[in-house]
Amino acid sequence: MRDLAYRPEEFSSFVGRISEVGELRELMHVMRAVTLCGVGGIGKTRLALRLLAAVAADFPDGAWFVELGELNQPEHVPARVAAAVGVHEEPGRPLLDTLSDWLRHRRAILVLDNCEHLVSACAALCQQLLARSPGLQVIATSREPMRVAAEAIWQVPPLTLPSDDTGSLAEIRDCDAIRLFAARASAAAPGFALGPANIGAAAAICRALDGLPLAIELAAAWVRVLSVDQIAARLDHRLSLLTSADRSVPARQQTLRATFDWSFDLLSGQEQILLRRLSAFAGWSLEMVEEICADDTLPSADIMDLLTTLADKSLVEVEPEALGQSRYRLLETVREYAAGCLAIAGETVTMERRRRAYTLRETERLAAIGMAILPAPWSARVDVFRRFDLETANLNEVLSACLADGDAETGLRICTAMRPVLIVRGAFAEGADWIEKFLAGSERVPDAVRGPALASLAQFLMAAGSPQAEELALAGLELCWASGEEFWVAAALNLLTEIALHSGHLDDAAARADEALRVAQSAGDRWNEGYALGTLAAVAAARGNLREAEQRGAEALAITRAIEQLWGSARALLGLGDLARLRGEFGTARDYYLEALSYLREIDARPEIARSLAGLGRIAIEQWDLTSARLHLTESLRLSYASGSRIGLARGLEVLARLAVMEGKPAVGVQLAGAVTALRDQAHLPPMPGARTQHFLDAAAPLGEHAVARLWAEGVALTPDDAVRLALGEEGNGSCLLPHAGFVPAGPPGPVLSHGTVLSHGTVLSHGTTPSAGTALSQGTAPSRDPAVHAAGGPPPPSSGPASALTVREQEVVALLAAGLSNRDIARQLFISPATAARHVANILGKLGFTSRSQVAAWAAARPAQLAPNSALTDSPS
């Protein structure tokens, strides 16, 4: 006859864990003992009860649940189990032997709950019962394993959480943590329901509580007197908030603090010391803990074993391996408890000071490796970027502590060391924000620290198009000169070169780049030497000297490869790829872009990845592969937008405007061109050349002058968010598109419009202006009437003078004409005969409708050069 299982009554519904119960049932088919391990409050007991209910029918001779949490004497464990199954002691015989004989021929299951404080006694009992009773299976719950034969250790995971708030209401509601919160909240406050107004706050609560069932239940109970938003706001002090009024549960579970007190009291003295010190970290490796936590009371040699023990006891979470090392963390609720213990021990200030000193040493060492100041292979430099990613949370905490303590010097030094990673990731706003905060209290910081920090801030602001960038870079340069920081002198000069390039001041750019090159070569600074050569390549390209540009770019590439800094190599490859593309050497350009992309993806260099993809997209456009162009340019624009780079965003939107015209959507092209005009004005960038603006207006001319005027105005008024959505073809872009915007009417179009004047060569519509009616094109010509030309994005008529009317070689000749070169000099630069050069010049004059070389030079001067700015080592794609 089957014995009835002893089970405590469940006073509340069981929520979730469906997949976990299924996995455990499968495990029980092959393992006779399963121990459910996990931190206090993670739901081990409830899961064991649910598993017992699911499998009880498979055990005809009995299923018993034995609660050991309130038992404090290890020697009484056999008696508690025997009482649960109904076995009585025999005189003169050990009770464990009697229990073993009674179970010997039974097909039964035994659940031992809360074994952690009696783990040795429980292990001995299970070892004997399993050895003598082949039909017995055991489930145990414990914060550490029993370590017996045939035992499977199964870590109980937190409840499933929503990854973020962007999913649908149904998707968020379906997560186990949210379902538990809703169930317990509605039990505490009948009528409570989760909806769009409060589910975001509920999700935040569940994430803050690490998906711990007990913590979620205790938080949900507060809906009796607090809104969900109020509960979320009070979780900074979660341990005092998470208290239960239900006295039917064990005392150790009436508050979360009591649950952790229970675990903490079971630790040895050294385990307690290490656990409380671990609260100083958001995550860590063994080496970090050995360096920061060790002292006379906690020898470094003991830390590995103690860390392993804390992990076995479910107080430390083992994270996936990274960079060849195991990583660890504390659940946030455990960390808060341990931090309280650290404060009681009077060690909070000491541990913060140690972590800060370690962080400063490590970030500066890693920056020196990453920027090739120290010799290292490329793989080590890649690891530097990955290491910074791993330590993001720690870095943010250390910087916040520096800010709170007024430690501007340490904060600025760490920020400066983080600069390369923030640039690579496109985190310009984040880097600028930290440095600006520290500079506000940096009066007593040495020049050797302030100078590099100002240069770093200038670089972040330049990417965002801030007019302050040049002023800050000059201030930083002055301080770096004064303090003898040669690396940063060269870096600041390279930055000023980029700023001059963006502004179109080519003479200033050349002077700065030459000076940076001299300083870097004098100091033996190979990184800044390669960077300076890259900026000199950009200057040469902007002046139309393509041969020199290619030579300088190749020199930059050679240096960065020699020092194994392949991020720099990738940037040089991008510059060379742009040169090859503009010559029409698409196969060579594609090879350059793809090689660069392989290096950039290794370090997740988002702005440069965007630039590589943009280059591939431009090649696809030139080859009329519009599907590939759309694919590459879409990813490129998303990356530029995410990084906050106004330069990259403006260029990405312009090339997608061109693609829209080629796809037969000239109305979208006009809107995007208007958005680019506004964005360039806001970012203090040179305006889009008049010929390129005219291209979009010409393509949309068949829609009628009033439609074109309205489309332009709508584009200028677009926010960057809406412009991106429009460029990507996403719904809800906020703009008022014309119906059938891609339709080109068959009737003759009205005149293309300008802002109250003839739209002559090189004229652009500035931010805030709208094309108006009644204005003629330059040269007195009307746009082409061929709808196919407009829909396909083909060149406007020759007399309008756009660069797209010229071949790649003719564009090179135009750049050299603008530089004042004779036919013979042009021939020498391009390795062609003087007769061929003369023929190119004649063709250019005919296509542009000019009668003299000086007219061509004036027209070219009114346009930003096709290649500028295009530094081989800057975030400045053409």
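How do the helices (runs of 4 or more DSSP H) wholly within segment 437-553 filter down when requiring 2 or more residues that are of a type in the set (Val, Ile, Thr) and under 21 Å from Ala818 (Cβ atoms): which remain?
Counting at least 2 such residues, we get 526-542.
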* Exactly one of (1) of a type in the set (Val, Ile, Thr); (2) crowded, with 24+ Cβ neighbours inside 10 Å; (3) over 27 Å from the mean Cα position of the chain (by Cα) is unmet by Val676. Its number? -> (3)
* Filter segment 591-637 down to residues that are polar (S, T, N, Q) and either assigned to a helix (DSSP H, G or I) or under 17 Å from Leu653 (Cα atoms) (or both) and give me whichever is nearest to the chain's Cα centre (by Cα). => Ser636
* So how many residues does segment 688-703 have that are touching a strand residue (DSSP E or B) at 6+ places or on another chain (Cβ under 8 Å) and farther than 16 Å from Ala667 by Cβ? -> 2
* To do: Among residues belonging to segment 679-698 that are among the hydrophobic types (A, V, I, L, M, F, W, C) and either touching a residue at least 40 places away in the same chain (Cβ under 8 Å) or at positive phi (or both), point out the one that is surrounded by the most Cβ atoms within 10 Å (Cβ to Cβ).
  => Leu697
* What number goes with the only condition from (1) more than 18 Å from Glu151 (Cβ to Cβ); (2) open to solvent by less than 40 Å² (accessible area, probe 1.4 Å); (3) in contact with a strand residue (DSSP E or B) (Cβ under 7 Å, 6 or more places away or on another chain) that Glu67 does not pass? -> (2)
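When you look at Arg387, is it surrounded by fewer than 17 Cβ atoms within 10 Å (Cβ to Cβ) and not in a loop (DSSP other than H, G, I, E, B), yes or no?
no
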* Structure fact -> Of the residues in segment 421-455, those that are under 18 Å from Leu495 (Cβ atoms) and among the β-branched types (Val, Ile, Thr) come to Val421, Ile423, Val424, Ile435, Val449
* Asked: Quick one: in segment 640-671, which of the residues that are farther than 16 Å from Arg618 by Cβ and either without any contact (Cβ under 8 Å) to a residue 24 or more places away in the chain or not in a helix (DSSP H, G or I) (or both) is most open to solvent (accessible area, probe 1.4 Å)?
  -> Lys665
* List every residue pair whose Cβ atoms lie under 6 Å apart, where the two residues are 6 or more positions apart in sequence or sit on different chains, the first residue falls within segment 710-726 and is among the aromatic types (Phe, Trp, Tyr), and the second residue, located anywhere, is surrounded by 22 or more Cβ atoms within 10 Å (Cβ to Cβ) and at pLDDT 90 or above. => Trp712/Val670; Trp712/Gly674
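Aliphatic (A, V, I, L, M) and touching a residue at least 40 places away in the same chain (Cβ under 8 Å) - does that describe any residue in segment 612-631?
Among the residues of segment 612-631, at least one is aliphatic (A, V, I, L, M) and touching a residue at least 40 places away in the same chain (Cβ under 8 Å), which makes the answer yes.
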* Asked: When residues of segment 35-64 are filtered for being among the small types (Gly, Ala, Ser), in a loop (DSSP other than H, G, I, E, B) and either within 43 Å of the chain's Cα centre (by Cα) or surrounded by fewer than 17 Cβ atoms within 10 Å (Cβ to Cβ) (or both), how many remain?
  -> 4
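Conditions tested, residue by residue: (1) open to solvent by 10 Å² or more (accessible area, probe 1.4 Å); (2) at pLDDT 90 or above.
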residue: Phe586; (1), (2): yes, yes
residue: Glu595; (1), (2): yes, yes
residue: Ile603; (1), (2): no, yes
residue: Arg606; (1), (2): yes, no
residue: Ile621; (1), (2): no, yes
residue: Ala629; (1), (2): no, yes
* Structure fact -> So, first residue open to solvent by 60 Å² or more (accessible area, probe 1.4 Å) in segment 310-331, second residue of a type outside the set (Phe, Trp, Tyr) and modelled with pLDDT under 90, Cβ within less than 6 Å, six or more apart or across chains; the pairs are Val318/Ala311; Arg329/Glu317; Arg329/Glu319
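The values are calculated or read from the model by the stated rules, or taken from the named source; none is laboratory data. Remember, predicted model here, so these are calculated numbers, not experimental data. All Cβ positions, glycine included, derive from the backbone under ideal geometry; neighbour counts span all protein chains shown. Heads up: the accessible areas ignore ligands, DNA and RNA and are worked out on the full protein's heavy atoms, side chains in. Shrake-Rupley method; radii C 1.70, N 1.55, O 1.52, S 1.80 Å.
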